[in-house]
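Got a structure for you, written out below as structure tokens; questions coming shortly.
What follows draws every value from the coordinates through simple rules; no lab data is involved. Note that the structure is a prediction, hence the values are computed from the model and not measured. Heads up, the Cβs are rebuilt from the backbone with ideal geometry, glycines too, and the neighbour counts pull from every protein chain shown.
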Amino acid sequence: SSLRPVRCGVVGTAVPVVATAEGGDGRRFRQLPAPPGLVDELVEEALVWCSQHGLVVGDKNHPRSRKAPGVGLLHAPFALLPMSFPKVYWEQALELAPLFNELVHRVSLDGDFLQQTLARTKEVDPFTRRLLDIHSKMMELNKKEDIQLGLTRSDYMVDGATDKLLQVELNTISTSSNGLACGVSELHRNLIRHHERELGLDPASVVGNTAITQHAEALATAWAEYNNQSAVVLVVVQAEERYMYDQYWITVALREMTIRKTMAEIEAEGDLRPDGTLVINGRPVAVVYFRAGYSPADYPSEAEWRARLLIERSSSIKCPSIAHHLVGTKKIQQELAKEKVLERFLDNKSDIENVRKCFAGLWSLETDNIVNSAIESPELFVLKPQREGGGNNIYGDNLRETLIRLRKDGSNEIAAYILMQRIFPPTSPSYLVREGTFVRDNVVSEFGIFGAYLRNKDKVIINDQCGYLLRTKAASLNEGRLSTGYAPDPYVVLT
Ligand code: ADP
Ligand code: MG
Ligand code: MG
């Protein structure tokens, strides 16, 4: 069975690896046991498996690893064995996925809400301003997006003090790690299958991960809705990308349907036909799938902004549209958590209640007493700018100093940030494997559920959860990073 090729998205009768059966304590986390004598052997076997099944990233020490596929490969960072994740939380996150998909869509239709909520941020954050400018141009043109495709990922942590599943954030652009996440579930399942007796675990308890098959299917279904046989899916990528192999799982699944281009290439080679069709080198584009464009670094010149505008003006299906992108900002997350705001977008009382239950404390910096509390106890908060991709948040002493400075300046710059309650998940020991070696550390985990939403006018074609991403980092870290082009070290591992 070890000779079978890797298959992502194996859906079996698998149930989550859960601790529910133990002592009736359904909310406990547990690192699955690895007999100490077996760890070296398991690590070696896992490293070989990664190399042979494409569970790899570019090696930052190799000069061409970000540009050329096939050179300078390194295994993706991973936890040696899966983490038990209580079934109650898993099911809660699954139930929330379609609600958040629908919420993103409804908020995206309210252009004034987006513009007004981000108006103060716009004055002080040039990146958000550029996005909002494109958005208001589309509002002026009364641009309609008949077909909407959202590939989302809602991330959660369990708060140890209250036993609540709390949302960290909702990603609406360039939701990544779907390929690597599938690989890691397969890795764990294979390790457990080989060592079933020594480990005392059932390989079927590792949940099959459907992230790649379902996201690929959503892209293909969107392509079919566009209804042009000669059209392609345009995958927008960075010129240099350590995580290209994660993206290739999707592009390989869609094979001849896709082309990969950077924003600069799209600007140089793209054109709009009079009917709004986006054409790249003579090929019409059905779907634009952004795996770049979420960060200021993706727009080094005006050319990239022209490309973004060109895409938005076109009739291609955008994944995401500029409105969907803006719904994923931290500022909108914070606004939605205010009283009575969810009611503007969702009708069903129990849906509203379920969504609100997972909101952590979120505040704008205009709330004076919260800023005071954060200056007093910065360890209880996270300060967040309107950025994506990890490594942008501010913690601890740095948080305190930043707030004091912003307040002294009396500057509008405070509108660039939001404050969030810091979540403290329960910790457990784990073996983390990075760059060919392992360490044993006390870790915390973040649990993400992928989602897909496809709509053509009034018809919702897909609204579903699409597999999961479990990431683990040392409990002592503020923020590890995974899947950023510029991360110094992958402190976070796939689990
Ligand atoms: P990004 O869009 O850059 O991924 P996130 O809001 O997800 O921004 O923050 C990045 C990381 O910071 C998260 O993966 C998590 O490890 C940590 N983090 C963010 N918010 C919190 C929080 N409220 N409590 C604890 N850790 C957090
Ligand atoms: Mg994000
Ligand atoms: Mg995140």
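Multiplying the sequence separation of F424 and E343 by 0.36 nm and subtracting their Cα-Cα distance, what value in nm do you get? Numbers along the way, then the final one.
On the way: separation 81, 0.36 × 81 = 29.16 nm, distance 2.89 nm.
That works out to 26.3 nm of additional length.
Then there is this: Projecting each Cα onto the charge dipole of the range 209-264 (Lys/Arg +1, Asp/Glu -1 at the beta carbon, about the Cα centre), which of W223, T251, A211 comes out farthest on the positive side?
T251
Checking the cross-link filter: which lysines have an alpha carbon closer than 23 Å to that of K473, excluding same-chain neighbours under 8 positions apart?
Candidates past the 8-residue exclusion: K60, K87, K164, K330, K384.
Over 19 Å between Cα atoms, which of K137/K331; K137/K338; K67/K261; K261/K331; K357/K459; K261/K457 qualify? Provide the component values of the computation, followed by the final result.
Working: K137/K331 21 Å; K137/K338 28 Å; K67/K261 13 Å; K261/K331 30 Å; K357/K459 29 Å; K261/K457 28 Å.
With Cα atoms farther than 19 Å apart: K137/K331; K137/K338; K261/K331; K357/K459; K261/K457.
Percent of Cα-Cα pairs more than 19 Å apart in the range 361-422, please.
Working: 329 of 1891 pairs.
It works out to 17 percent of all Cα pairs.
Here is a follow-up. Rounded to the nearest 0.05, what FRET efficiency is calculated for A303 and D409 with R0 set to 30 Å and r the Cβ-Cβ distance? Don't skip to the end; give the middle numbers.
Details: r = 34 Å, r/R0 = 1.14.
Efficiency, rounded to the nearest 0.05: 0.30.
In vacuum, with every alpha carbon of the range 282-391 counted as one equal point scatterer, what does the Debye formula give for log10 I(q)/I(0) at q = 0.14 Å⁻¹? Two decimals, please.
So the normalised log intensities are -0.81.
Which value in deg cm²/dmol, rounded to the nearest 500, describes the helix-derived mean residue ellipticity at 222 nm for the chain, given -39,500 (n - 2.57) per DSSP H run of n ≥ 4 and division by the residue count? Display every interim value, and only then the final one.
Numbers: 17 runs with 182 residues, N = 495.
Mean residue ellipticity, 222 nm, calculated: -11000 deg cm²/dmol.
Continuing with this model, one more query. On the first, second and third principal axes, largest extent first, how far apart are the outermost C-alpha atoms of the chain in Å?
Per principal axis, max minus min of the Cα coordinates gives 66, 58, 48 Å.
Rounding to the nearest 20 debye, state how big the charge dipole of the chain is about its Cα centre with +1 on each Lys and Arg Cβ and -1 on each Asp and Glu Cβ.
Numbers: 57 positive and 63 negative charges, 92 e Å.
In debye, rounded to 20, the chain gives about 440.
If you don't mind, another one. 5 Å is the cut-off here: which amide hydrogens, built 1.01 Å from N in the peptide plane, fall below it relative to K67, excluding neighbours closer than 5 in sequence?
Amide H neighbours of K67: E241.
Suppose every Lys and Arg Cβ carries +1 and every Asp and Glu Cβ carries -1, with no other charges. What dipole size does the range 361-422 come out with about its Cα centre, to the nearest 20 debye? Don't jump to the answer; show the numbers that get you there.
Working: 7 positive and 9 negative charges, 16 e Å.
It comes to approximately 80 debye.
What residues from the range 42-58 fall in the zone where the backbone N is under 14 Å from a label point 7 Å along the Cα-to-C-beta line of Y248?
Flagged as within label range: 51-58.
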